[in-house]
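Have a look at the structure below, then the notes.
The values are calculated or read from the model by the stated rules, or taken from the named source; none is laboratory data. What you see is a predicted model, and the numbers here were worked out from it, not measured in a lab. For neighbour counting, all protein chains shown are included, and Cβ atoms are generated from backbone atoms with ideal geometry for every residue, glycine included.
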Amino acid sequence: MKATGPRSLQRCNTRRTSTSPERYSEGSIRPSALRLCVHAVACLVSLILGFRFSREALLVVVAFRHSPGDSISQKLSSNLDRISEPEIGLKFPYVPGKATDDAAPEKLPLDSKLTVPPVKSSRVHVGRHEILIRPWPRPNPLEVAVAHALLQRVQQEQRRLYVAGEWRRVIVITPTFSRTFQWAHLTGLMHTLMSVPGPLTWIVVEAGGVSNETASLLARSGLECFHLSVDQSMPAAWSQREPMESLMRVTALRFVRERKLDGVIVFADDSNTHSLRLFDEVQNVKWLGAVSVGILGNYVSTQDTQELQGLSEEGRQLVSVQGPACNESCHLIGWHILPRLEQSVKFDDVSKTVVSTKDLVWAGFVLNSRILWEDAEKPDYISDWDEWTSNQVVPSSPLGLVKNQVFVEPLGNCGREVLLWWLRIEARADSKFPSRWVIDPPLEVVVPSKRTPWPEARFEQPSLVHSAESLNQSDKHRVKHSGRTRSKQGARHSNKRRQGLPSKVEDFTISQGQ
Amino acid sequence: MATSFAVNTVIVILTLILAPIAVFPNLAVSAEPHERLSGTAGDVLEDDPVGRLKVFVYELPSKYNQKMLEKDPRCLRHMFASEIFVHQFLLSSPVRTLNPQEADWFYTPVYTTCDLTPNGFPLPFKSPQMMRSAIQYISKRWPYWNRTEGADHFFVVPHDFGACFHYQEEQAINRGILPVLLRATLVQTFGQSYHACLKDGSIVVPPYCPPQKMQNHLIPPRTPRSIFVYFRGLYNDAFNDPQGGYYARGARASVWENFKSNPVFDISTLHPATYYEDMQRAIFCLCPLGWAPWSPRLVESVIFGCIPVIIADDIVLPFTDAIPWNEIAVFVPEIDVPKLDTILTSISPDEILRKQRLLANPAMKQAMLFTQPAEPGDAFHQILNGLARKLPHDSSISVQPGQQFLNWNSGPPGDLQPWE
């Protein structure tokens, strides 16, 4: 009996202007003979014609009635006005013996306790009603904006009532470097941070020097930002990128220490996805906390075990989570980690993402910034900053800040809530789109076709070695504007060097901006 | 002398310090998330009926109650189950008396909505006969019915249109309230002003919603409310009303047509598994009428803290003498449905927050539930409070010898048949 979906009410739309003759048919208890005849004729006609004719026929009947206020023109003119009380209709409440003048089936003794209350005019009656649709049933943008403002106010009140404690400033540390998806990742992270309902400081550390594009993005965000840089550029090999990022993060931590910034430090990589619950949850950290990080993306191992392929016994995809492991009494007893895997990177298969196989990602840790200060009162189990950073090797996770891992606080219902997701997704290394996805001035695109005058020019996929070279070259050219002259020269070069495989990326006939 | 003087001064100083806190106790209290319904209406919710009235429960043969339940145990879970739970509550309640001489109210346990179709819908066709048969039974075995012709008896009739015993409104109005019940107090879920099926002096109660099921779906109150308007349900009844306009007096179809493309309205027919959780994430929950003006949505909105938007003209909400619905809910006349978005966005934020605070009052939520086992302040106690407020009975209710008010022969001939 349940309808599967709302029916189209187009018929009702067009019928809005017509009268509703059914009301008349319900009302009179004994319809007149003339009406019955007309109705029968109308039914026959509609059988012949193939569409319903009775409504039109009853318009004729209506026109001959002289009751006031019933004219069709009145009804046609008022689309949205409510149809006035029908003069003919079952009057409610229905008291037997009073509705019609005919002999009532029984007569009730008149006793004030028995009869229903005297007939008062009710606005509501049983029968077919118009479906009121306004002429332009689209949302009013001003009202939508007001609705969003109301939602914000309600959420603010909820936070005031149910979230205990004061909101500590969140310090977000993001290492980044120039690459194709940098703009996309940073914009996503920026939007997440702009939605955080509390004071926030964003420290962006860029590899290879401060770039104007990143600075303009940070300026657009409206957040309090510090834009730091590290002079070395990001190395091409994936295995070397982790220590470089750790170095960038430690640079940011040194900045926090020197400036004595106060708050809760969250390590937000630009390619991660963060839930807003994370920023609520990190308010609870005392010194060093750990959250669970979900790991997205398939990964393939060289050892052929089914668990490492991320499949359960039934063959369903499992989601890996890296984070603290707790026992029943919510004490930290260990860590959930991914075993260290050999990397298997295939650039031409975009479905495979690169998995950086660390033991524990930085993103899973949350610090109280006072842990870095020189002269703050810290408990004994906190190591000194100089001890931690004095090694030759850059620390690969902030676990070294506590002398014993027992003192790490598990957050998010003891690690059961996954509050952020780690997905290292990058474009093909040979992709030449600039970070801002704008090629200015526009290029002349030369596309190889089958009937090209240069028969030997072929489009080849780059191999692993060439991609590394191309990365180095792209790093050299920090200017983000495309060089028109360069591409033309490239095309001319390809004219001449048609023999053999092209060994440099810019020799391709598909010229793309740098 | 000096020590007594010192002691006196200490006492004086202490009283001076403590007096303000005694006079203004709120100085030390922070803002609470809920607000008490202050004034006469609000305090009434917390009244205790024990000691204020006595109820005598007739012992009817089990074919009127127990056997119906055994035939179909689904009666315990549908929205009309309040009749069964009220019976079970009264059997073990302190207001029950075994001495009918001292009773103020008399209760007849007859389960009129327990005759279910295979789909689970109650068939009301035999209910009038069942009710008449039960009343004939009690009038023959005890003198209390004839003493007042039922004026101090109450019955629980939770069906669509109460004691009219029909699911179609026209038919229900044609039949009217069962004539033999015209002097008794009816406890029903249906309420609409100036309607044939709502008698003066009836107690309107909420429909039964399983409290445990709703309890299981609670989410932490700090989850931000991110839906502005929420509704899940039918907009047209293609089976019973294929052309539209009858069902819900066209109001639900109007809601769909006007707001299906509105981004702040989350309305649809699909019933999600997170229906209760979504209501807790919404600010406004629409409660439009269907075939009858009442629905369990009202109870669910109140429990989950979502402000109910009542779209049903002339509706009488449950426990109106105890709950100030005007301050809690938003009433939208059916003719104003196309302007629903304007109406809802023009409510000031302070008003919305105040309504949410009133809804957060645990006494409000308790009053809407038929808790198992019964707890103070729940719907059972509100019914008893309502009955207690009608005491003492007017002396004119007793029937003089020779007088007769009820007509046992009125009604459609089918009703006059004996039952089973």
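Taking residue B:194, is it in a loop (DSSP other than H, G, I, E, B), out of contact with any helix residue (DSSP H, G or I) (no Cβ under 9 Å at 6 or more places or on another chain) and touching a residue at least 24 places away in the same chain (Cβ under 8 Å)?
Yes; evaluated as a whole, the condition is true for this residue.
Kindly list the number of the only condition in (1) closer than 24 Å to residue B:299 by Cβ; (2) loosely packed, with under 13 Cβ neighbours inside 10 Å that fails for residue B:93.
The single condition residue B:93 does not satisfy is (2).
Checking residue B:350 against (1) among the acidic types (Asp, Glu); (2) outside the structural domain of residue B:91 (by TED's automatic domain parsing); (3) under 28 Å from residue B:127 (Cβ atoms), which test does it fail?
Checking residue B:350 against (1) among the acidic types (Asp, Glu); (2) outside the structural domain of residue B:91 (by TED's automatic domain parsing); (3) under 28 Å from residue B:127 (Cβ atoms), the one that fails is (3).
Suppose we keep only residues that are within 12 Å of chain A (Cβ to nearest Cβ) and aliphatic (A, V, I, L, M) within the stretch B:182-223. Which one would you say is nearest to residue B:288 (Cα to Cα)?
B:198
Go through the stretch A:130-140 and count every residue that is more than 8 Å from chain B (Cβ to nearest Cβ) and either over 17 Å from residue B:255 (Cβ atoms) or modelled with pLDDT of 90 or more (or both).
1
For (1) at pLDDT 50 or above; (2) outside any loop (DSSP other than H, G, I, E, B); (3) out of contact with any helix residue (DSSP H, G or I) (no Cβ under 7 Å at 6 or more places or on another chain), each residue gets a yes or a no:
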{"site": "A:314", "(1), (2), (3)": "yes, no, yes"}
{"site": "A:342", "(1), (2), (3)": "no, no, yes"}
{"site": "A:346", "(1), (2), (3)": "no, no, yes"}
{"site": "A:349", "(1), (2), (3)": "no, no, yes"}
{"site": "A:357", "(1), (2), (3)": "no, no, yes"}
{"site": "A:366", "(1), (2), (3)": "yes, yes, no"}
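So in the stretch A:188-205, with the set limited to residues that are surrounded by fewer than 15 Cβ atoms within 10 Å (Cβ to Cβ) and in contact with a Leu (Cβ under 7 Å, 6 or more places away or on another chain), which one is nearest to the other protein chains (Cβ to nearest Cβ)?
Per the stated criteria, the residue is A:195.
Do you know which of the residues in the stretch B:273-292 that are touching a strand residue (DSSP E or B) at 6+ places or on another chain (Cβ under 9 Å) and either among the charged types (D, E, K, R) or on the phi > 0 side of the Ramachandran plot (or both) is surrounded by the most Cβ atoms within 10 Å (Cβ to Cβ)?
Applying the filter and picking the extreme gives B:278.
I'd like the residue in the stretch B:241-261 that is at the interface with chain A (Cβ under 8 Å from one of its Cβ atoms) and in a loop (DSSP other than H, G, I, E, B) and, out of all such residues, is surrounded by the fewest Cβ atoms within 10 Å (Cβ to Cβ).
B:261
Look at the stretch B:155-185 and say how many of its residues are crowded, with 24+ Cβ neighbours inside 10 Å and assigned to a strand (DSSP E or B).
Qualifying residue count, the stretch B:155-185: 2.
Here is a list of conditions, (1) within 14 Å of chain A (Cβ to nearest Cβ); (2) outside any helix (DSSP H, G or I); (3) touching a helix residue (DSSP H, G or I) at 6+ places or on another chain (Cβ under 9 Å); (4) more than 22 Å from residue B:45 (Cα to Cα), and residue B:310 meets all of them except one; can you say which number that is?
(4)
Residues B:270, B:317, B:298: which one is assigned by TED's automatic domain parsing to the domain that holds residue B:34, not hydroxyl-bearing (Ser, Thr, Tyr) and not in a loop (DSSP other than H, G, I, E, B)?
Only one candidate passes the filter, namely B:298.
What's the number of the condition residue A:157 fails, among (1) at pLDDT below 90; (2) more than 30 Å from residue B:252 (Cβ to Cβ); (3) not aliphatic (A, V, I, L, M)?
(1)
For the condition of a type outside the set (A, V, I, L, M, F, W, C), outside any loop (DSSP other than H, G, I, E, B) and in contact with a strand residue (DSSP E or B) (Cβ under 9 Å, 6 or more places away or on another chain), what is the one hit in A:206, A:213?
Only one candidate qualifies: A:206.
Out of the stretch B:330-354, which residues are buried (at least 16 other Cβ atoms within 10 Å of the Cβ) and closer than 15 Å to residue B:35 by Cα?
B:352, B:353
Restricting to the stretch A:141-158, and then to whatever is without any contact (Cβ under 8 Å) to a residue 40 or more places away in the chain and more than 7 Å from every other protein chain (Cβ to nearest Cβ), can you tell me which residue is farthest from residue B:339 (Cα to Cα)?
Selected residue: A:152.
Can you pull out every residue in the stretch B:41-77 that is among the acidic types (Asp, Glu) and over 20 Å from residue B:118 (Cα atoms)?
The first filter runs over the stretch B:41-77 and keeps only residues among the acidic types (Asp, Glu), leaving B:43, B:46-48, B:59, B:70, B:72.
Across the stretch B:41-77, the qualifying residues are B:43, B:46, B:47, B:48, B:59.
Go through the stretch A:159-187 and give me each residue that's part of a helix (DSSP H, G or I) and within 14 Å of chain B (Cβ to nearest Cβ).
Result: A:159, A:160, A:161, A:162.
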